[in-house]
1. Within the range 149-194, restricting attention to residues that are at pLDDT 85 or above and touching a strand residue (DSSP E or B) at 6+ places or on another chain (Cβ under 6 Å), which residue is surrounded by the most Cβ atoms within 10 Å (Cβ to Cβ)?
2. Residues that are at pLDDT 80 or above, assigned to a helix (DSSP H, G or I), touching a helix residue (DSSP H, G or I) at 6+ places or on another chain (Cβ under 7 Å) and within 14 Å of residue 32 (Cα to Cα): does the range 203-224 have at least one?
3. Restricting the first residue to the range 83-109 and requiring it to be in the same structural domain as residue 123 (by TED's automatic domain parsing) and at negative phi, which pairs with a second residue that is loosely packed, with under 12 Cβ neighbours inside 10 Å and at pLDDT below 80 meet a Cβ separation below 8 Å and a spacing of at least six or different chains?
4. Among residues belonging to the range 272-292 that are closer than 11 Å to residue 191 by Cβ and buried (at least 24 other Cβ atoms within 10 Å of the Cβ), point out the one that is nearest to the chain's Cα centre (by Cα).
5. If you take the residues of the range 80-100 that are surrounded by fewer than 16 Cβ atoms within 10 Å (Cβ to Cβ) and within 13 Å of residue 126 (Cα to Cα), which of them is farthest from the chain's Cα centre (by Cα)?
6. Quick check on my filter: what residues within the range 50-73 are at pLDDT 75 or above and in a helix (DSSP H, G or I)?
7. (1) assigned to a helix (DSSP H, G or I); (2) more than 22 Å from residue 264 (Cβ to Cβ); (3) at pLDDT 80 or above: which one isn't true of residue 43, the others all being true?
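The values are calculated or read from the model by the stated rules, or taken from the named source; none is laboratory data. None of the values given here were measured: they were computed from a predicted structure. Reconstructed Cβ throughout: ideal geometry from the backbone, glycine too, with neighbour counts over all protein chains shown.
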């Protein structure tokens, strides 16, 4: 058995070396398709994380106070908000504190806010609610309170992020199916060229009593090698590219939105597994399709 596996592997490597140009083109094509899948995967994971963090950490209704309000008016607003159902805590934030927080989020660009003629931000109350359903009722009721200038909370943002997550997930599924089919066809056509080049040799082997699996083995391993090399190349490229993206904008995203970016140490190992499974699967099916047609003749 081991001698048969050794023979198949030796023949597969020889075939791969003989058809360098065609195999290189196939590897490039499959690698490009895996990179597209990787981009969709990275986008989906990060947007999904962003949506989950937003939904957990931003159960807050921002109630902006009128500029001309006096302390008595603001105190009355606070008492009315505290009496609403679903309110857990009300926290006052002055316009000065709001500006300081904005400067912190802007990071190195915070100095741009130092040139403002006046502070454009309003005083506000941060209203912490029990759940998202309470946020709707609190926001609607707060708008009708005298002295409230505006109300804002992140329910719309959460809904949009959830919609974006569903779109990316569905688009990824469609793109994945399409690219896998195309990749299988590329591998099948690549292996088919090798089959045609060895058609006489294969005919002699069949005449001498070689089994279909003995004939199929080298081509099957060749397809697996193509898929595995493509997976390795795609994984390496994603590691480099994603690492660069995180180093450039990762800290800015975390500072501005208070949302972390999925680290490459978690994402890349998962991508390696996905790419390896796809590559081996694509190579296997592509090889089976190409040689099956020949053996059925």
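1. 151
2. no
3. Matching pairs, first to second residue: 106/112.
4. Here the answer is 283.
5. 82
6. Within the range 50-73, 71, 72, 73 qualify.
7. Residue 43 satisfies every listed condition except (2).
Let's see how each residue does on (1) outside the structural domain of residue 78 (by TED's automatic domain parsing); (2) surrounded by 14 or more Cβ atoms within 10 Å (Cβ to Cβ); (3) in contact (Cβ under 8 Å) with a residue 60 or more places away in the chain; (4) assigned to a loop (DSSP other than H, G, I, E, B):
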{"residue": "122", "(1), (2), (3), (4)": "no, yes, no, yes"}
{"residue": "127", "(1), (2), (3), (4)": "no, yes, yes, no"}
{"residue": "134", "(1), (2), (3), (4)": "no, yes, no, no"}
{"residue": "146", "(1), (2), (3), (4)": "no, no, yes, yes"}
